[in-house]
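Visitor: First the structure, then my questions, so here it is.
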Amino acid sequence: MTEPILEIRNLCKSFGALKATDDVSLSLRPGEIHALIGPNGAGKSTLIKQIAGGLRSNSGSIHFAGHDVTPLSTVQRARAGLGRTFQISSLAMEYTALQNAMLGALGREGRVMRFFAPVMGQRNLCDAALAALARVGLSDHATIRTAELSHGQRRLLEVAVALTLAPKVFLMDEPMAGLGAEGSKQLTGFLDELRHEAPILLVEHDMDAVFALADRISVLVYGKVIASGSADEIRADPMVREAYLGA
Ligand code: ADP
Ligand code: MG
């Protein structure tokens, strides 16, 4: 079996007395989609933020592409190839789709590049941004203000912004939320291709998408992984059915 590209070990995060994540370990292998499911408040978003770096863990470690990235900041992790999440919109509504994608590409280069970009990097940034827009099917919307895009198109734009960072791994927090049937189907197809470029740790409520995409599913309840396995194993697990699937 191939080595994991991302491995998290014994991660914990408490908010006061609440253990939002409690000794969570899981891994992600090349080409894989590993879905993380669980009821509201289970700690899924907390875990994603701990991995991306926005939240400091109380204990545990994160190993990415052979390195212990636990001490690194969010920006350093992103630059190393740990892709961002999508739950909270980070798009600038007054900017065009292309401008947002270019800002994403700029983020990759860091502050120094941000300063020099006006004189040296514009063209490359623009090319990278246009390529990312094309991949999510937004080429025709490049010059449209983000505020005028539909919800589904904004979601796709967020994916395009993430793509400009050329991540080695994607961390996605409910990318299907609010997309509707057609949008979910489109994004599901895209993620199915994207996994070959960069494996995906996918937090998702849309169980059709999860069962269609996931090679492995882990179930988080009250901050703990209560089960982990293939889609069939998870569907058949009585503990999961009781705790989460409501059957
Ligand atoms: P999920 O994404 O699975 O719905 P979250 O990770 O958002 O769950 O939340 C897990 C628990 O941690 C919840 O009880 C939530 O209220 C709590 N929580 C999350 N973020 C904070 C925070 N910044 N401060 C205090 N409590 C938080
Ligand atoms: Mg959440």
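Visitor: Out of the residues in segment 157-182 meeting the condition of being under 25 Å from I8 (Cα atoms) and free of Cβ contacts under 8 Å to residues at least 60 places away in the same chain, tell me which one is farthest from ligand 1 (Cβ to nearest atom).
Guide: Here the residue is L163.
Visitor: Any residue at all in segment 206-221 that's over 12 Å from I37 (Cβ atoms) and hydroxyl-bearing (S, T, Y)?
Guide: no
Visitor: Residues in segment 180-226 that are within 16 Å of ligand 2 (Cβ to nearest atom) and exposed (fewer than 15 other Cβ atoms within 10 Å of the Cβ): how many?
Guide: Residues in segment 180-226 being within 16 Å of ligand 2 (Cβ to nearest atom) and exposed (fewer than 15 other Cβ atoms within 10 Å of the Cβ): 1 in total.
Visitor: Looking at segment 23-34, can you tell me whether even one residue there is surrounded by 15 or more Cβ atoms within 10 Å (Cβ to Cβ), small (G, A, S), assigned by TED's automatic domain parsing to the domain that holds L191 and within 14 Å of ligand 1 (Cβ to nearest atom)?
Guide: Taking every residue of segment 23-34 in turn, none turns out to be surrounded by 15 or more Cβ atoms within 10 Å (Cβ to Cβ), small (G, A, S), assigned by TED's automatic domain parsing to the domain that holds L191 and within 14 Å of ligand 1 (Cβ to nearest atom).
Visitor: Would you mind listing the helices (runs of 4 or more DSSP H) fully within segment 80-180 where at least 3 residues are at pLDDT below 85 and within 27 Å of E32 (Cβ to Cβ)?
Guide: On the way: elements: 97-120, 122-135, 151-164.
Here the list reads 97-120.
Visitor: Then there is this: With the checklist (1) under 15 Å from the mean Cα position of the chain (by Cα); (2) loosely packed, with under 15 Cβ neighbours inside 10 Å; (3) among the charged types (D, E, K, R) in hand, flag the one item E158 doesn't pass.
Guide: Failing condition for E158: (2).
Visitor: Then there's this: Which of the residues spanning segment 70-89 are surrounded by 15 or more Cβ atoms within 10 Å (Cβ to Cβ) and either within 13 Å of ligand 1 (Cβ to nearest atom) or under 23 Å from V159 (Cβ atoms) (or both)? Show your work before the answer.
Guide: Quick first cut of segment 70-89, residues surrounded by 15 or more Cβ atoms within 10 Å (Cβ to Cβ) only: 70, 72, 77-87.
Within segment 70-89, R77, A78, R79, A80, G81, L82, G83, R84, T85, F86, Q87 qualify.
Visitor: Does I48 satisfy the criteria of being within 16 Å of ligand 2 (Cβ to nearest atom) and touching a strand residue (DSSP E or B) at 6+ places or on another chain (Cβ under 7 Å)?
Guide: Values: within 16 Å of ligand 2 (Cβ to nearest atom): yes; touching a strand residue (DSSP E or B) at 6+ places or on another chain (Cβ under 7 Å): yes.
So I48 fits the description; yes.
Visitor: I've got another one for you. Using the structure shown, decide if S45 is assigned by TED's automatic domain parsing to the domain that holds K224 and more than 13 Å from the chain's Cα centre (by Cα). Lay out the reasoning, then the answer.
Guide: Numbers: assigned by TED's automatic domain parsing to the domain that holds K224: yes; more than 13 Å from the chain's Cα centre (by Cα): no.
Judged against the criteria, S45 is not a match.
Visitor: Given the conditions (1) modelled with pLDDT under 95; (2) of a type outside the set (D, E); (3) farther than 20 Å from L191 by Cβ; (4) assigned by TED's automatic domain parsing to the domain that holds A198, report the number of the one that M1 does not fulfil.
Guide: (4)
Visitor: Restricting attention to segment 35-78, which residues are of a type in the set (A, V, I, L, M, F, W, C), in a helix (DSSP H, G or I) and closer than 15 Å to L18 by Cβ? It would help to see each step written out before you state the result.
Guide: Of segment 35-78, the ones of a type in the set (A, V, I, L, M, F, W, C) are 35-37, 42, 47-48, 51-52, 55, 62, 64-65, 69, 72, 75, 78.
From what is left, the residues that are in a helix (DSSP H, G or I) are 47-48, 51-52, 75, 78.
The answer is L47, and nothing else.
The values are calculated or read from the model by the stated rules, or taken from the named source; none is laboratory data. Quick caveat: nothing in here was measured; it's all calculated off a predicted structure. FYI the Cβ positions are ideal-geometry reconstructions off the backbone, even for glycines, and counts take in every protein chain you see.
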